[in-house]
Amino acid sequence: MTNRHQSGLADVIAGETAISTVGKEGKGLTYRGYAIQDLARAGTFEETAFLLLYGKLPNSDELQQYRAKLMGLREMPAGLMHILEQLPASTHPMDVLRTGISALGAFEPEYDGGAAQDIADRLIAVSASMLLYWVHFHGKGVRIETATDSPSIAGHFLALLHGKEASELDQRALDASLILYAEHEFNASTFAARITASTRSDFYAAITTGVAALRGPLHGGANEAAMALIEQFDSADAAEAGIREMLARKELIMGFGHRVYSVSDPRSDIIKAWSRTLSEEAGDIMLYEISERIETVMWNEKRLFPNLDFYSASAYRMMGIPTPLFTPLFVISRISGWSAHIREQREVNRIIRPQADYTGPELTAWVPIHQRT
Ligand code: COA
């Protein structure tokens, strides 16, 4: 039998999108036609989310209203706080978000004809609150107030995490990271969310699917795995020796490689520059230097380049963010991209149901139970 499928759906065009381009010749990475470099340099995460969800960059009145809308959506129903309190302290924060988002769908369900857009905004606004409420309840036994004065999601997240307003630099760096993580075409979690949406399931179900798919270390979980890798080493030389040994054992080096990009990930340069700035500002460039040496070894030995997750690890560490919250930050940002895709899928919907090449036994005669061996 000839197999006709592409392993891992590599190079398969599985649909159309007007939301982003990834690695397309002459375009690179764009969100609704805007280059990622421009968005990350001059834009904010809220402008980016608006662009993805509403199809255009907001003017200043629209941005102000959008920020105010998001700020007004940060608090949770009491029932949801109760559920978060019941989750064990040992839960992975990704499971907290997966459960919290799913549970919110029970408290604030999507009704037929309801505004999906509003659910998207609600989830973008409330996810940091959900996560950090659980973090503080289980870490310090404190029920925190989840409304903050910070107009940005980045500032809100850092203020809730550290219990005080973060530095301007940290807020800008996290904001840039959220822009970089917001959208990436038909990646695994987005495609999974679109599959769920294609069955006409509800908005929360599709987002929950996205969170579940993002959790794995081959996808969003790579930023946490990259941190675990980098932290093993206490010098750049030790990192070089360690990585060479891992390569000799044919181990995967987390935060490197990409299904679509073949020579570099355009987001990596941007987050790398932030990692360097934050490290220099903190007067602690060890993790950055270790990371840079790993990058050099990986390029020289394997022609593999860092993806967004690799330098996100050291950048997040410099902002004082604990490793288990790295992938949840990816969620907080990517909800904007998933939401745009769920809406796009609904507009052109046909259930996503491919076929498989069969590799099992030939048609076999039924065997009565007493004759089976
Ligand atoms: N470390 C070491 N080797 C790697 C590697 C890595 N991070 N990424 C790819 N390779 C090697 C593979 O082992 C394979 O080698 P082979 O041809 O000798 O078998 C070759 O490069 C091609 O990789 P492949 O597994 O076919 O790529 P893929 O498109 O199926 O997978 C990723 C893409 C991203 C899942 C893969 O590069 C990976 O696992 N990276 C680490 C996890 C990560 O950072 N994920 C975040 C992605 S944004």
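At a glance:
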item	result
Kirkwood Rh, Cα atoms: Rg over Rh of the chain	1.00
For the range 235-326: Kirkwood Rh in Å [reciprocal of mean 1/r, alpha carbons]	13.5
Protection proxy ranking, peptides 318-328, 128-138, 348-358, average beta carbon neighbours within 10 Å, highest first	128-138, 318-328, 348-358
The chain, helix-only ellipticity at 222 nm - DSSP H runs n ≥ 4, -39,500 (n - 2.57), divided by all residues, nearest 500	-18500 deg cm²/dmol
Kirkwood Rh and Cα Rg combined as Rg over Rh, evaluated for the range 268-317	0.98
Share of pairwise Cα separations in the range 243-297, more than 17 Å, in percent	47
D_trans [Stokes-Einstein, Kirkwood Rh over alpha-carbon pairs] for the range 209-367, 10 °C, 1.306 mPa s, µm² s⁻¹	89
Of Gly105, Leu63, Ala313, farthest towards positive along the dipole that unit charges on Lys, Arg, Asp, Glu beta carbons give the chain	Gly105
Stokes-Einstein D in µm²/s, Kirkwood radius over Cα pairs - the range 292-354 at 4 °C with 1.567 mPa s viscosity	88
Lys302-Ala273 FRET efficiency (beta carbon distance; Förster radius 22 Å; 0.05 resolution)	0.40
Taking His341, His370, His92, His258 and counting other C-beta atoms within 10 Å, the order from fewest to most	His370, His92, His258, His341
Over 29 Å (Cα to Cα) - which of Lys27/Lys302; Lys27/Lys272; Lys27/Lys250; Lys27/Lys69; Lys69/Lys164; Lys27/Lys56 fall in this group	Lys27/Lys250; Lys27/Lys69
Overall Cα dimensions of the range 52-164 - principal axes, largest extent first, Å	42, 37, 21
Fraction of alpha-carbon pairs over 11 Å apart in the range 71-111 - percent	67
Net charge dipole size for the range 1-43 [Lys, Arg +1 and Asp, Glu -1 on Cβ; Debye, nearest 20]	60
Per residue convex hull volume, Cα atoms of the range 165-228, in Å³	110
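Read the figures in this text as sums done on the coordinates, not as results from a lab. Worth saying up front: this structure is predicted, and the values here are computed from it rather than measured. Cβ coordinates were reconstructed from backbone atoms using ideal geometry, including for glycine residues, and neighbour counts include every protein chain displayed.
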